[in-house]
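Coordinate-derived values only; no laboratory data. Bear in mind that the values here come from a model prediction, so they are computed numbers and not experimental data. Ideal geometry is used to build each Cβ from the backbone, glycine not excepted, and the neighbour counts take in all protein chains shown.
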Amino acid sequence: MADEQQTSAGTVTSADTTPAAPATFRAVPTVALVAVGFLALCMSPIAFQGGPWFLVFLLPVAVGVWVVRSRTRVDAEGLHVHRVLGSRSVAWSDLSGLRLPEKGWVRAVPVEASEVELRGVRIRDLGRVAEASGHRISAPTPAEAEAAAEHARELEAARMRVAKLRERQAEQAEQVEQAEDTTADTTQGTPGDTPDEADGTRRREA
């Protein structure tokens, strides 16, 4: 399976007449700010020693800014990616497609620009992206995505059953082959006799 693939989810279609509600996808849920606050609290004894030690508070502040800023907003106008420093937008008319890495965030592929990493948007979110875009791109709805995932799980289970069946058939074939070899060795002479001894025995019997 290829690590990355180009999908038709980026195909731009005519806008739906129904107003679409924007959707926001965050790289990290805002609840992570609680952990950032706890980190700042743990650093307080060091920071309040005075002098340059107070600068250690810059670490939780930087992490908090990253949590708040790193997100992707999808609306009827296009894709809007917000980073710690600056932001970038891609209109639907400028979108060529979406690249779906096997791991990581989905990437937008503009017609005449470099790819844009959609912070917080994963393959499972394509249904919400399509809905928020007013169905300007073709992507499965959440229900369709879940049905496809269930179908993929069923196919994987079927492949595992077939693999186990083939292993059992291979073991049975090997056992039959070993039994045939044992039978052939038995019919050739008494175990332990050399070919000359077996031939001499047959001549004496004659």
If each residue of separation counts as 0.36 nm, what is the full-extension length gain between residue 46 and residue 94 once their alpha-carbon separation is subtracted? 12.3 nm
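Using the number of other C-beta atoms within 10 angstrom as an exposure proxy, rank 43, 160 with the fewest first. Mind showing how you got there, number by number?
Working: 43 17, 160 10.
Listing 43, 160 from fewest to most nearby Cβ atoms yields 160, 43.
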Tally Lys/Arg at +1 and Asp/Glu at -1 over every other residue whose Cβ is under 14 Å from the Cβ of residue 165; what's the total? +3
Stretchable slack from residue 39 to residue 65, in nm (0.36 nm times residue separation minus alpha-carbon distance): 8.0 nm
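If each residue's Cβ is checked for other Cβ atoms within 10 Å, how do 72, 30 rank with the fewest at the top?
Working: 72 25, 30 11.
The most exposed by this proxy come first: 30, 72.
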For a footprinting-style exposure proxy, rank 135, 82, 151 by other Cβ within 10 Å, fewest first. 151, 135, 82
